[in-house]
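First up is the structure itself, then whatever we jot down about it.
Only the coordinates and a few stated rules stand behind these numbers; no lab work does. The structure presented is a predicted model; accordingly, all values stated were derived computationally and were not measured. Neighbour counts are summed over all protein chains in view; Cβ atoms, including those assigned to glycine, are modelled from backbone coordinates with ideal geometry.
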C-alpha cells in the first residue's frame, strides 16, 4: 500500500508532472524523427539533467524512453520508415493499412496497444524488480561476472544481424572501457600519451557518435530519397470488432515484450519482431499479415512498448542494462550518484517507486498526446533533413562538450560517428558496442576480484551454483542463433 | 530478396581482395594486432600489487577473441558472401570532409565558427540554397544553442576568435 502511494507521488508534484509532460513530448518528437530516437535523445539531454534533482532527471529520461518507443509507430505507419528501430515491424502492416485509407485506424491500434503494452510492463516492473533485487543479495563478485557474461552473450541474438558480428561489436565495446587508467592498479592503458584519455572514453561521446553522427552520415547518402507520405485526418480508436480480434494478441505481445525486455541486452527491436511473428503464428488470418493486418500492428506495438518496463528490471535491480536506452538511463543514475542494485530498493523506495509511477503516467500521457496530436507530430517529419541534421549536429557537439567541457570528447564523438557509419554499412550493429562499454568495467572488475577471492583458480567459478547457471544460460544464448538458423534451413 | 541474391553473386565474382568481407576483416585484424602489440608496452605490476591478473591480460584476451571471431566471419563469408554495398555518393564524402574541417577549425580558430561553418556547409551540400535557411542553421540556431547551454548549464566554451568577443 505504501509503495502504491509512493508510485502516485509524481501526480502530486507539479515539478515532476512538468518534467513528465516535457519528457513525453520530447520523446514523441524524437521517436517520430527517423534516425533519432530515445537512445540518442536521452544521451543528448543527459547534460541538462544535471540541473535537476536525481528523481526528476530519471523521470525525464524514462518518459523520453516510453514516449520515444511509441513515437516511432507514427512514422512507420505514415511514411513506411520506422522512427525508431523498434517500430520496424510496425511498418510491415501499418503502412499497407494506411495505403488503404485507414491510417487513422492503424495509428489508433498502435496507440492503444503501445499504451496497454507499456502499462503491462510497468506492472511487471513493480512486481519483479524487487524480487530480482532480493535475489541479487545472494550475488557476489563471481555471480556478477557470470551475469555480465550472460548479458554479453545475449548480444549474439540481438536483431537480425550476424551473431558473431554482434559479439565482435560487444567485445569492442568492452575494449573501449579499458582505455585510460586501470582502476585497480592505475596503470595507463591505450592512452597513447594523450592526457585526456587517462580518464577513459566517456559514454556520451560514444553514444552520440554511434547513434546521431553515424545517422547524419547515413542521411548524407539519402538526400535524394523521396518519402511517400500518407495524409492523416484523425486517429480513430479501435472498433469493437478490432478489439475482439486483437485483445489476445495485445496481451500475448505485452507478455513477450516484458520478458524479452527483462533479458539483459535485449530490447524493443527484438521484442517487436518476436511479438509480430507470434501474432502471425497465432492468427486465424495469417495470410493478411504484410498486407495491412490490424493484428500485426497490435502485436509489434504492444511488444516494443512492453519491453520498456521489462528492460528497466535488470537495469534497476542489477545495474545491467536491458537495452541501449536503459544503458543511457543507467549512466544518468550513476551521474546523479544513484547506484542501481538491491540496496537501492531497501534504501530509496520513494525514489524507485517514483520512477515506476512516472513510467505509468508517461504511458498514459503518450496515449493522450498521440491520440490528439499525432497529426501534428506527423508534420515534424516534413522538416527537411538539410535543415534538421545541421541543427542536430550543433546540439550534439554542445551536448557532448558540456559534460566534461572537453573538446577531445567532441572529436571522439566524431570518430565514433564515422566508425558507426561503417559498422552499420557492413552489418555490425552499434547497440552491442554501447552494452559492451557499459558492462566492460563490471566484467573486468568482477573477474579480477573473483580471481583474487579464488586465489587465481579459474575453475572455482564453476563451483558456485548461481554463476554456473548463468554460464549455462550463456552457452544456450550462444547456441541459440545456430539452432535457429538450422531450423530455418530445415524449413526451407 | 532476389536483389540481395544478385548482389551476393556480384560480390562472389570479384577477386577476393576486392570483396568487402576481406577488406573489413583485414582492417579489423590489422587494428587488433596493432593494439595487441601496444598491450605489450603496458607497465607490469609487481606481484604484491597485482590483483588477480596483470592490467594487460584482459585487453589482450579481448583482442585475441576479436581476431578469432573476425577470422570466423571471414571463413563464413567465403561460403556465404556479403552483399555488395552501393557506392557512396559525393554528398557523403562532403559531409565526412566537413567533420575534418570542423576538427581543424575548432582546434585552430574557434569552436563556434567550426559549428557554424559545418552547419552551413552541410546544409548547402545537401541542397539548401536559400540564404535565410542557411543563416538559420549556420548562425541563428548555433547562437541559440550556445546561449542556452551557457545560461542553463553555466558552460564555458573554449576560447577562440568569436567566443573571445562574446565573453569580453
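Provide the FRET efficiency to the nearest 0.05 for the residue B:162-residue A:284 pair, computing r from the beta carbons and using R0 = 60 Å.
Plugging the Cβ-Cβ distance into 1/(1 + (r/R0)^6) gives 0.35.
List A:90, A:153, A:381 from most exposed to least, where exposure is judged by having the fewest other Cβ atoms within 10 Å.
Fewest to most other Cβ atoms nearby, the residues stand as A:381, A:153, A:90.
With label points built 7 Å along Cα→Cβ from the Cα atoms of residue B:65 and residue A:14, find their separation and express it in nm.
5.2
Measure off 7 Å from each Cα along the Cα-to-Cβ vector at residue A:224 and residue A:488, then give the distance between these two points in nanometres to one decimal.
3.2
Please give the helix A:465-491 orientation as an angle from the longest Cα principal axis of chain A, in degrees from 0 to 90, rounded to the nearest 10.
Its long axis makes an angle of about 40 degrees.
Across peptide A:46-52, how many C-beta atoms of other chains are within 10 Å of each residue C-beta, on average?
Mean partner-chain Cβ count within 10 Å for A:46-52: 2.
Indicate the gyration tensor shape class of segment A:408-491 (rounded, prolate or oblate), computed on the Cα atoms with a ≥ b ≥ c the square roots of the eigenvalues: a/c under 1.5 is rounded; otherwise a/b larger than b/c is prolate and the rest oblate.
Verdict is oblate for segment A:408-491.
State the extension gain, in nm to one decimal, for the chain segment bounded by residue A:368 and residue A:422, taking 0.36 nm per residue of separation less the distance between their alpha-carbons.
Residue separation times 0.36 nm, minus the Cα-Cα distance, leaves 15.5 nm.
Please compute one quarter of the surface area of the Cα convex hull for segment B:90-167 and express it in square nanometres.
5.3
With N residues in chain A, what two-decimal value do you get for its Cα radius of gyration over 2.2 N^0.38 Å?
0.93
Is the C-alpha gyration tensor of segment A:76-154 telling us rounded, prolate or oblate? Criteria: a/c under 1.5 is rounded; beyond that, a/b larger than b/c is prolate, otherwise oblate.
oblate
Please arrange A:400, A:81 by how many other C-beta atoms lie within 10 Å of their C-beta, fewest to most.
Least to most surrounded, the residues fall as A:81, A:400.
Which of A:60, A:18, B:88 has the fewest other C-beta atoms within 10 Å, and how do the rest follow up to the most?
Ascending Cβ contact count within 10 Å gives the list A:18, B:88, A:60.
With n ≥ 4 as the cut-off for DSSP H runs, can you work out [θ] at 222 nm for the protein assembly as shown, using -39500 (n - 2.57) per run divided by the number of residues, rounded to the nearest 500?
Value at 222 nm, helices only: -23000 deg cm²/dmol.
To the nearest 0.05, what FRET efficiency results for residue A:99 and residue B:26 with a Förster distance of 45 Å applied to their C-beta separation?
It comes out at approximately 0.50.
In peptide B:112-123, how many Cβ atoms from other protein chains are near each Cβ within 10 Å, on average?
Other-chain Cβ atoms within 10 Å of each residue's Cβ, averaged: 4.
Looking at the square roots a ≥ b ≥ c of the eigenvalues of the Cα gyration tensor of segment B:86-130, which shape do they give, rounded for a/c under 1.5, prolate if a/b is larger than b/c, or oblate?
Oblate, since a/c reaches 1.5 and b/c is not below a/b.
Shielding by partners for A:438-450, please: the mean number of other protein chain Cβ atoms within 10 Å of each residue's Cβ.
2
From largest to smallest, what semi-axes in whole angstrom does chain B give when each is the square root of 5 times an eigenvalue of its alpha carbon gyration tensor?
42, 32, 12
Could you sort A:273-286, B:68-81, A:113-126 so that the peptide with the highest average Cβ count within 10 Å comes first and the rest follow in order?
A:113-126, A:273-286, B:68-81
Sorted by average packing, counted as other Cβ atoms within 10 angstrom per residue and highest first, what order do A:294-300, A:142-148 take?
A:294-300, A:142-148
Given the peptides A:421-431, A:39-49, arrange them by the average over their residues of other C-beta atoms within 10 Å, most packed first.
Peptide ranking by packing, descending: A:39-49, A:421-431.
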